[in-house]
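The values are calculated or read from the model by the stated rules, or taken from the named source; none is laboratory data. Everything numeric here is computed off the predicted structure, so don't read it as measured data. A quick note on method: Cβ atoms are made from the backbone with ideal geometry, for glycine too, and the neighbour counts reach across all protein chains shown.
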Amino acid sequence: MEGFRARAPGKIILAGEHAVVHGSAAVAAAIDLYTHSSLHLLPASEEDGAGAVEVDLRDTGLVFSWPCARLREVFGDRAGAAVNAPRPCSSNELASMAKLLEQEDIPEDKIWLAAGLSAFLYLYTSILGCRPGKAVVKSDLPLGAGLGSSAAFSVSLSGALLAAAGAVRPQAADAGTEWGSFHKEDLELVNQWAFQGEKIIHGKPSGIDNAVSTFGSMIKFKKGEFTNLKSSNPVKMLITDTRVGRNTKALVAGVSERASRHPDAMASVISAVNSISEELSSIVELAADDEVAITAKEEKLAELMEMNQGLLQCMGVSHCAIETVLRTTLKYNLVSKLTGAGGGGCVLTLIPSLLPNSVLEKTTTEIESHGFRCFQVKVGGRGLQFCRG
Ligand SMILES: Nc1ncnc2c1ncn2[C@@H]1O[C@H](COP(=O)(O)OP(=O)(O)O)[C@@H](O)[C@H]1O
Ligand SMILES: C[C@@](O)(CCOP(=O)(O)O)CC(=O)O
Ligand SMILES: [Mg+2]
């Protein structure tokens, strides 16, 4: 039985989250934590309508399965309908999926999974129709913590599903690895489908998370368009997961509500964030080849991150756990900002290249004494990759 495996990275947002939903520029980079999706198509049974679509969500320990006949009742038989023309999920389809999922007895403490399951069902049936198959999803990322697990989920699933449908052609594996990529136009198709999945999970996504998860690297993103940033010096970040659960859809909606209550003030906040992202993106690309130049560059990045954090607070998306991390790192002269939707989740701390290891260790120990979890990631790596098996 042939298998299709895809992995897509999570991301950090260095500047511009939330404001990017309202048209501002933002800067994001892929990180070396991945969501893996694998897919096996099962032979269609002779008896029409037999077989099932199953998804095993390893991070939650839950497996869901729907008879193909039941899926045909909900979605119709749209096999191969418009694989090359991604289209949004209609409100009728969303309502039908919600009804289908009501019968699943999702545990109350995992009810947030319903959004991911709807995205799965929509992507699966849109790309492959209602034919039997089994998908397994597993992630290195904390889910719902600001590191783009929803985009990595939609991108890796779209990659595996489109490869199984024969709509994209995987390239040969890179030397020394089992992973290869896709041609640029294939990545664009994956990205468009993944955006439809993000819409189901986020409500009103900007598209930055699925773009960086698909294409990798570090990007400046504005109104659906993006450019690659060539960072000549590595950007080192400490990530703190506050472990405070939150939901991107609710936070994005909260910022929009604040914007409709205070349109002029919020327009100024969004415009200030745009200037910060534009300046940050040009600083990232500056070539700094001695210690003095590197330090000057890092000081500017830190100051911009600090200003961005202040504006995120203005938008109402900080949290007391985030503020605790900010206060702790400030004691060691280090600057932090939330990343992703905020309201809990993860915080970034810029690690200057000359920072003594002992200071980094002390900072980490003190942050973790509050019950938070710290880790480091590689920034700006590959996007979606694929292998068979
Ligand atoms: N590996 C996964 N397994 C199941 N659902 C997932 C997975 N990754 C993401 N999701 C879905 O995405 C949602 C989290 O997305 P979101 O609130 O945008 O946070 P983030 O993208 O920052 O992790 C989860 O509630 C779930 O519905
Ligand atoms: C808040 C936002 O800018 C980023 C959300 O990222 P995450 O889902 O919290 O990883 C929303 C978006 O751009 O779609
Ligand atoms: Mg998300």
Counted residues, region 119-158 - those being within 14 Å of ligand 3 (Cβ to nearest atom) and either surrounded by fewer than 24 Cβ atoms within 10 Å (Cβ to Cβ) or assigned to a loop (DSSP other than H, G, I, E, B) (or both): 9
Being in contact (Cβ under 8 Å) with a residue 60 or more places away in the chain and either surrounded by 20 or more Cβ atoms within 10 Å (Cβ to Cβ) or within 16 Å of ligand 1 (Cβ to nearest atom) (or both) narrows it down to one residue among ALA167, ALA163, ALA173; which is it? ALA163
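Criterion first (without any contact (Cβ under 8 Å) to a residue 12 or more places away in the chain, assigned by TED's automatic domain parsing to the domain that holds MET97 and away from ligand 2 (no atom under 16 Å from the Cβ)) does GLY180 satisfy it?
On the way: without any contact (Cβ under 8 Å) to a residue 12 or more places away in the chain: no; assigned by TED's automatic domain parsing to the domain that holds MET97: yes; away from ligand 2 (no atom under 16 Å from the Cβ): yes.
For GLY180, the condition - without any contact (Cβ under 8 Å) to a residue 12 or more places away in the chain, assigned by TED's automatic domain parsing to the domain that holds MET97 and away from ligand 2 (no atom under 16 Å from the Cβ) - is not met.
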Given the residues SER150, SER154, which is the only one that is farther than 28 Å from PRO43 by Cβ, within 16 Å of ligand 2 (Cβ to nearest atom) and in contact with a Gly (Cβ under 8 Å, 6 or more places away or on another chain)? SER150
Here the residues within region 8-47 that are away from ligand 2 (no atom under 16 Å from the Cβ) and assigned to a loop (DSSP other than H, G, I, E, B) are LEU42, PRO43, ALA44, SER45, GLU46, GLU47
Qualifying positions in region 23-36 - surrounded by fewer than 24 Cβ atoms within 10 Å (Cβ to Cβ) and within 13 Å of GLY207 (Cβ to Cβ): GLY23
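Let's see how each residue does on (1) of a type in the set (A, V, I, L, M, F, W, C); (2) crowded, with 23+ Cβ neighbours inside 10 Å; (3) within 16 Å of ligand 3 (Cβ to nearest atom):
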residue	(1), (2), (3)
LEU189	yes, no, no
ILE200	yes, yes, yes
LYS204	no, no, yes
ILE208	yes, yes, yes
LYS222	no, no, no
LYS236	no, no, no
How about region 299-381: which strands (runs of 3 or more DSSP E) wholly inside it have at least 1 residues that are of a type in the set (Val, Ile, Thr), within 16 Å of ligand 1 (Cβ to nearest atom) and within 22 Å of the chain's Cα centre (by Cα)? 346-350
For SER181, the lone unmet condition from (1) surrounded by fewer than 24 Cβ atoms within 10 Å (Cβ to Cβ); (2) modelled with pLDDT of 95 or more; (3) within 26 Å of LEU14 (Cβ to Cβ) is (2)
Run LYS110 past the list (1) out of contact with any helix residue (DSSP H, G or I) (no Cβ under 9 Å at 6 or more places or on another chain); (2) free of Cβ contacts under 8 Å to residues at least 24 places away in the same chain and report the number of the one that doesn't hold. (2)
